[in-house]
Amino acid sequence: MPSKKALVRRPSPRLAEGLVTHVEREKVDVDLALEQWETYVEALRAHGWETVEVDPEDDCPDSVFVEDTVVMYKNVALIARSGAESRREETIGVEEAVARLGCSVNWIWEPGTLDGGDVLKIGDTIYVGRGGRTNAAGVQQLRAAFEPLGAQVVAVPVNKVLHLKSAVTALPDGTVIGHIPKVDRPALFPRFLSVPEEAGAHVVLLGGPKLLMAASAPKTAELLTDLGFEPVVVDISEFEKLEGCVTCLSVRLRELYA
């Protein structure tokens, strides 16, 4: 049976100091963000996911965006090395968490940089965004870690958004979804569906037809409902102010060995 574990990490009290690159800075309500995070975590649990809370990093404002710290493929955890130097301390607690779960642990080493948010897995195909936070050496090291295990790694350009998964994610049938103005090369994906809102490009596969997605994309939720999917909607407005989305608030571990 596939595993259904999800790493999550409580927001730092310094969340409002988080990095922004492609958006104007807005005031973040840290108390509301904590409430939204708790609702997000409960949505995972309500749909059969066992959440594993990584030790908090209160001095790291962006640490709630736990997806950026590690990439999982099968039972191997590749610890990231962010292109944003201020975020590199976030990996310590994550490394400990995946080791406790029995994962084999590898690392991205200097001069490589890689953020987990730049990695989209569809079956054994791993798309990795080459852009602001992930460099060529990081792509090469990810390829060296995962291709011997059966993965096919495909590098794609990312220039219009922070991470690849800020632009695209995938539906359960492997169709890539994205908001065209934010996607550099839609033709690189064998099947691509345009969605009407930027936030609509971000879905977490909960199992079956259920998709976790943000409340800020109602038109996309309606479109996906018409296509036979079941959106599970959560409000993550405070994290969206920091270029966060539903994917980056957890790391889904679907292929852990029993």
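Within the stretch 215-222, is even one residue open to solvent by 50 Å² or more (accessible area, probe 1.4 Å) and in contact (Cβ under 8 Å) with a residue 60 or more places away in the chain? No: the stretch 215-222 contains no residue that is open to solvent by 50 Å² or more (accessible area, probe 1.4 Å) and in contact (Cβ under 8 Å) with a residue 60 or more places away in the chain.
Evaluation of D124 against the conditions (1) out of contact with any Asp or Glu (no Cβ under 7 Å at 6 or more places or on another chain); (2) buried (at least 18 other Cβ atoms within 10 Å of the Cβ); (3) of a type in the set (D, E) shows that the sole unmet condition is (2). Candidates L211, L253, L206, L242: the one that is within 14 Å of G117 (Cα to Cα) and in contact (Cβ under 8 Å) with a residue 40 or more places away in the chain is L242. Of the residues making up the stretch 223-253, those that are open to solvent by 10 Å² or more (accessible area, probe 1.4 Å), assigned to a loop (DSSP other than H, G, I, E, B) and more than 30 Å from K74 (Cβ to Cβ) are D235, K241.
Among residues of the stretch 19-45 being exposed (fewer than 15 other Cβ atoms within 10 Å of the Cβ) and in contact with a strand residue (DSSP E or B) (Cβ under 8 Å, 6 or more places away or on another chain), the one that is nearest to D59 (Cα to Cα) is T39. When residues in the stretch 175-214 are screened for being assigned to a loop (DSSP other than H, G, I, E, B), under 18 Å from V158 (Cβ atoms) and over 18 Å from the mean Cα position of the chain (by Cα), 4 of them pass. When R81 is tested against (1) free of Cβ contacts under 8 Å to residues at least 40 places away in the same chain; (2) in contact with a strand residue (DSSP E or B) (Cβ under 7 Å, 6 or more places away or on another chain); (3) open to solvent by 40 Å² or more (accessible area, probe 1.4 Å), exactly one condition is not met: (1). Scanning the stretch 5-35 for residues that are in contact with a helix residue (DSSP H, G or I) (Cβ under 6 Å, 6 or more places away or on another chain), within 18 Å of T51 (Cβ to Cβ) and touching a residue at least 60 places away in the same chain (Cβ under 8 Å) yields a total of 5.
Could you go through the stretch 102-120 and let me know if any residue there is part of a strand (DSSP E or B), over 16 Å from the mean Cα position of the chain (by Cα) and among the polar types (S, T, N, Q).
yes
Cβ-Cβ contacts under 6 Å between residues 6 or more apart (or on different chains), taken from a first residue in the stretch 148-161 that is open to solvent by less than 40 Å² (accessible area, probe 1.4 Å) to a second residue that is of a type in the set (A, V, I, L, M), are listed as A151/I126; V153/I126; V156/L188; V158/L164; V161/A167.
Residues are listed down the side, and each one gets a yes or a no for (1) among the β-branched types (V, I, T); (2) farther than 30 Å from D59 by Cβ:
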| residue | (1), (2) |
| --- | --- |
| E96 | no, no |
| A99 | no, no |
| I108 | yes, no |
| T113 | yes, no |
| G132 | no, no |
| P172 | no, yes |
| G178 | no, yes |
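The single residue among S63, S12, S3 that is more than 21 Å from D115 (Cβ to Cβ), in a loop (DSSP other than H, G, I, E, B) and of a type in the set (S, T, N, Q) turns out to be S3.
The values are calculated or read from the model by the stated rules, or taken from the named source; none is laboratory data. The structure presented is a predicted model; accordingly, all values stated were derived computationally and were not measured. With ideal geometry, Cβ positions are generated from the backbone for all residues, glycine too; neighbour counts draw on all protein chains shown. Ligands, DNA and RNA are stripped out before the accessible areas are found, and what is left, the full protein with its side chains, is counted by its heavy atoms. Shrake-Rupley method; radii C 1.70, N 1.55, O 1.52, S 1.80 Å.
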